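Participant: Take this structure first; my questions come after.
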Amino acid sequence: MKKLIALAAGSIVALSAAQAAPTVWADNGHAYEFISGPVDYATASATAAASTYMGSTGHIVTITSAEELDFVNNTIVGSAIRFWLGMSDTETEGTFRWIEGPEAGLEVDSIFEAWAPGEPNDFSIGEDFAIGWWNGSGQWNDIRGTSSYAYVVEYSNISQAVPVPGAAIFMASGFGLAAFRKLRRSK
Ligand SMILES: [Ca+2]
Ligand SMILES: [Ca+2]
């Protein structure tokens, strides 16, 4: 089994992502998980989309308020490590839109933005994606999607049920209940 996992590089990424414990932010009930990577945007996006937590599919983080920026920068990432943001201006140069999560399609600057001074600048041969923690103030910079960075997976639609111990989950399931009844009948 271990050999099979070792042979499939993609599985290792998915496995390590699943093993980390996402942190739920009380303000919006979303869960967040830092993945050190570093990987290019397409890999980060695909891996996030293949990750699930508490019934929610993951997506690269979308940051839509100063409070969420502070939480992601300082609680989830925790140090000045640059990480992918779920946005792009591939569709219309100069107009960044969120392309992941519930905000997909919405113009970034119409909700909240934290661009570093002089950014986004589509520098040199073109920069259509963006990263956080570009500078010491935790602000953003547009960058090429083929570069490699860490990323944050956000789970925006997790089950709102309060987590219960494994035994309680088992008993609450149909199988657990049936087994319990069978146990009682056999006594
Ligand atoms: Ca978000
Ligand atoms: Ca730039």
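The values are calculated or read from the model by the stated rules, or taken from the named source; none is laboratory data. The structure presented is a predicted model; accordingly, all values stated were derived computationally and were not measured. Glycine also receives a Cβ, built like all others from the backbone with ideal geometry; neighbour counts cover every protein chain displayed.
Participant: Condition check: under 21 Å from Asn28 (Cα atoms), at pLDDT 95 or above and within 12 Å of ligand 1 (Cβ to nearest atom). Does Val72 satisfy that?
Facilitator: Yes: the conditions hold for Val72.
Participant: Filter segment 136-158 down to residues that are over 17 Å from the mean Cα position of the chain (by Cα) and assigned to a loop (DSSP other than H, G, I, E, B), then give me how many there are.
Facilitator: The number of residues fulfilling the criteria is 7.
Participant: Within segment 62-95, count every residue that is over 22 Å from Thr43 (Cα atoms) and within 16 Å of ligand 2 (Cβ to nearest atom). I'd like the intermediate steps shown before the answer.
Facilitator: Narrowing segment 62-95 to residues over 22 Å from Thr43 (Cα atoms): 64-71, 74-75, 78-79, 92-95.
If we keep only those that are within 16 Å of ligand 2 (Cβ to nearest atom) too, we end up with 93-95.
The number of residues fulfilling the criteria is 3.
Participant: If I ask for residues that are exposed (fewer than 13 other Cβ atoms within 10 Å of the Cβ) and away from ligand 2 (no atom under 13 Å from the Cβ), which ones from segment 96-119 would you list?
Facilitator: Listed by number, the residues that qualify are Gly105, Asp109, Ser110.
Participant: Next question. Any residue at all in segment 70-84 that is touching a helix residue (DSSP H, G or I) at 6+ places or on another chain (Cβ under 7 Å), more than 19 Å from Thr23 (Cα to Cα) and either free of Cβ contacts under 8 Å to residues at least 60 places away in the same chain or not in a loop (DSSP other than H, G, I, E, B) (or both)?
Facilitator: No, every residue in segment 70-84 fails to be touching a helix residue (DSSP H, G or I) at 6+ places or on another chain (Cβ under 7 Å), more than 19 Å from Thr23 (Cα to Cα) and either free of Cβ contacts under 8 Å to residues at least 60 places away in the same chain or not in a loop (DSSP other than H, G, I, E, B) (or both).
Participant: Still on this structure, please answer the following. When segment 105-117 is examined, which residues are found to be within 13 Å of ligand 1 (Cβ to nearest atom) and free of Cβ contacts under 8 Å to residues at least 24 places away in the same chain?
Facilitator: Leu106, Val108, listed by residue number.
Participant: Got a sec? Which of Ser124, Ser148 is more than 15 Å from ligand 2 (Cβ to nearest atom), of a type outside the set (Asp, Glu) and either over 22 Å from Phe71 (Cα atoms) or touching a Gly at 6+ places or on another chain (Cβ under 6 Å) (or both)?
Facilitator: Ser148
Participant: Among the residues of segment 117-146, which ones are small (Gly, Ala, Ser) and farther than 19 Å from Arg97 by Cα?
Facilitator: Ser124, Gly136, Ser137, Gly138
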